[in-house]
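The values are calculated or read from the model by the stated rules, or taken from the named source; none is laboratory data. Owing to the predicted nature of the structure, the values given are computational and were not obtained by experimental measurement. When we count neighbours, we look across all protein chains shown, and the Cβ atoms used for this are built from the backbone with ideal geometry, even at glycine.
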Amino acid sequence: MSLRVLIVDDEPLARARLRTLLADCHAPEALVAAEADNAARAIALVRQQPFDVALLDIHMPGADGLQLATALRAMADPPWVVFVTAHAEHAVQAFEVEAVDYLTKPVRRERLEAALRKAERMREFGRRGTADYDPECLLITERGRTLRVPVTEVLYLKAELKYVTVRTAGASHVLDGSLNQLEERYPERFLRVHRNALVARHAIRALERHHDSEEGEGWAVRLAGADEPLAVSRRQLAAVREALGG
């Protein structure tokens with residue numbers, strides 16, 4: 001059975017592009033059941049008829065896509081949300097509202113199909129509250145697949161341009177998101193050591209003198225499970241010493 005899809009985007013050309021892509025999706029098949037150009041219209045449509053998936057833009061006049069997703073969660077039998085946006089910096093917030101996936105424009109058919117397959121699996125598991133959403137995991141999309149990385153395995157998070165490097169003992173991943181959002185989301189788990197880095201509190205092992213090619217002589221923190229030291233800014237020295245127990 002085809003997935004019933006609601007498209008929400010204030011740009012007609014963007015909606016048309018999604019209609020074309022959805023018509024080409026076959027695993028699973030998708031039916032565009034309705035369209036809306038703002039959050040208020042989308043909510044009215046969801047009250048009138050059932051949808052399996054809502055494809056939401058984020059930046060729209062009035063309530064944005066994140067606010068719409070929050071409102072949908074409070075409704076009876078809401079659709080699963082997939083964000084489709086030109087703005088990568090809201091990925092962390094998107095998963096906080098239990099989005100199934102986060103696609104950045106221009107969207108490829110293969111990525112859209114992958115997101116629809118996730119929504120289809122969610123439909124099979126059941127509605128909200130019974131699916132395998134886990135706020136203690138980071139959902140990372142890379143090389144056409146989505147990984148669920150437990151936050152307990154993360155050693156550090158480091159901002160690199162508009163992305164965040166997620167480092168575990170066994171691998172490095174790239175996450176679309178904001179370091180500030182991650183710090184706010186997990187204040188008890190991660191400690192800010194530099195403007196561009198958060199470290200896992202449980203992994204901190206030592207504070208040592210360090211020479212940085214850009215900042216000169218300073219300090220760095222050593223983490224269990226990571227070979228490379230991370231620079232510590234002067235502002236964060238006291239916090240790191242406190243985390244080490246003095």
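Descriptive notes on the structure:
- Residue list for region 148-203, restricted to those being closer than 23 Å to ALA99 by Cβ, in a strand (DSSP E or B) and small (Gly, Ala, Ser): ALA159
- Meets criteria (part of a loop (DSSP other than H, G, I, E, B) and surrounded by fewer than 17 Cβ atoms within 10 Å (Cβ to Cβ)) for GLU228: yes
- When each of ARG234, ARG195 is tested for being among the basic types (Lys, Arg), outside the structural domain of ARG111 (by TED's automatic domain parsing), at pLDDT below 95 and under 30 Å from VAL84 (Cα atoms), the lone residue that passes is ARG195.
- Residue list for region 12-55, restricted to those being within 24 Å of ARG121 (Cα to Cα), touching a residue at least 40 places away in the same chain (Cβ under 8 Å), of a type in the set (Gly, Ala, Ser) and surrounded by 18 or more Cβ atoms within 10 Å (Cβ to Cβ): ALA30, ALA54
- Residues of region 147-167 that turn out to be closer than 19 Å to ARG222 by Cβ and in contact (Cβ under 8 Å) with a residue 40 or more places away in the chain, as a count: 6
- Neighbours by Cβ (under 7 Å, 6+ apart or cross-chain): first from region 72-97, crowded, with 18+ Cβ neighbours inside 10 Å and modelled with pLDDT of 90 or more; second outside any strand (DSSP E or B) and of a type in the set (Ser, Thr, Tyr): none
- Taking region 1-113 and the helices (runs of 4 or more DSSP H) fully enclosed by it, the elements with 1 or more residues that are over 26 Å from GLY177 (Cβ atoms) and hydrophobic (A, V, I, L, M, F, W, C) are at 12-23, 39-48.
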